[in-house]
């Protein structure tokens, strides 16, 4: 990882000021105008069939930024194959409408790459069973397609299957997936986020105190700090004695899977993900030492 301070500030400003795609104008959008798939709203991708590389990750589809998009993995001997994703929402909702956005993908270099036929299914049981059909949608090439459901459908998990594209024999791409609806039932109790996670950037330790999160990770003896609601973590990470820093947006699933994106100078650089380890685990760092190591003074750490 490498990030400049300017990138962190720009990225944070975008996150805090940006509106959900498709949201109504005005100071406060209604609950049904909130894209509940977005990472910042608690959506997290649990499973997928593939992604091209870290520059075109599946998480880009629920980031809320049209500059980034998902691209399918490199094709096998048989060429194009269907794709699928499973997304967990932060709680149960009654879905009222769905949307697929293909406005800014690479149709110029890869004609016909836009996702076309998509099947949406919903479950209130688990991420692996209880699927009920929601919609069979034809997305727009070069555009955004929205569908209002005939009747509300309850969902805690969504499965999206791409059945075809607009003719490209190798790849498929999507800018953004969207879902809107109103929350139903009791608010879920989030799992305890405190602990150690085995991630694609080695071990990560998180400590949560109210809405404040601090931590450290083994790679480059990095330090993290930021805010959380117990599910969504908006953090700054710092390493190399404070010379490199940036931000990340991570979401913790009900099963202990942490998934999100990290940024370099305001630019998305790839996914950061991993599973929470059960029980007590040692890690070659601690948040206080890591904070001091990247330039924080000992007497200011408690006031972050």
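The values are calculated or read from the model by the stated rules, or taken from the named source; none is laboratory data. Everything numeric in this text was worked out from a predicted model, so none of it was measured. Glycine also receives a Cβ, built like all others from the backbone with ideal geometry; neighbour counts cover every protein chain displayed.
Observations, loosely collected:
- Every residue from the range 97-112 that is under 11 Å from residue 70 (Cα atoms) and over 19 Å from the mean Cα position of the chain (by Cα): 106
- The residues of the range 72-86 that are in a strand (DSSP E or B) and either modelled with pLDDT under 95 or out of contact with any helix residue (DSSP H, G or I) (no Cβ under 9 Å at 6 or more places or on another chain) (or both), listed by number, are 76, 79, 83, 84, 86.
- Residue check, residue 295 in contact with a strand residue (DSSP E or B) (Cβ under 8 Å, 6 or more places away or on another chain), in a loop (DSSP other than H, G, I, E, B), modelled with pLDDT of 95 or more and not assigned by TED's automatic domain parsing to the domain that holds residue 86: no
- Residue check for residue 259: modelled with pLDDT of 95 or more, under 17 Å from the mean Cα position of the chain (by Cα), outside any loop (DSSP other than H, G, I, E, B) and surrounded by fewer than 19 Cβ atoms within 10 Å (Cβ to Cβ): no
- Flag for residue 56 being closer than 20 Å to residue 160 by Cα, at pLDDT 95 or above, under 18 Å from the mean Cα position of the chain (by Cα) and in a strand (DSSP E or B): no
- Qualifying residue in the range 145-165 (condition: assigned by TED's automatic domain parsing to the domain that holds residue 78, without any contact (Cβ under 8 Å) to a residue 12 or more places away in the chain and within 25 Å of residue 93 (Cα to Cα)): yes
Quick grid of which residues meet (1) touching a strand residue (DSSP E or B) at 6+ places or on another chain (Cβ under 6 Å); (2) without any contact (Cβ under 8 Å) to a residue 60 or more places away in the chain:
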position	(1), (2)
52	yes, no
59	yes, no
69	yes, no
72	yes, no
78	no, yes
81	no, yes
88	yes, no
113	yes, no
123	yes, yes
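- Residue 42, sole failed condition from (1) on the phi < 0 side of the Ramachandran plot; (2) at pLDDT 50 or above; (3) within 15 Å of the chain's Cα centre (by Cα): (1)
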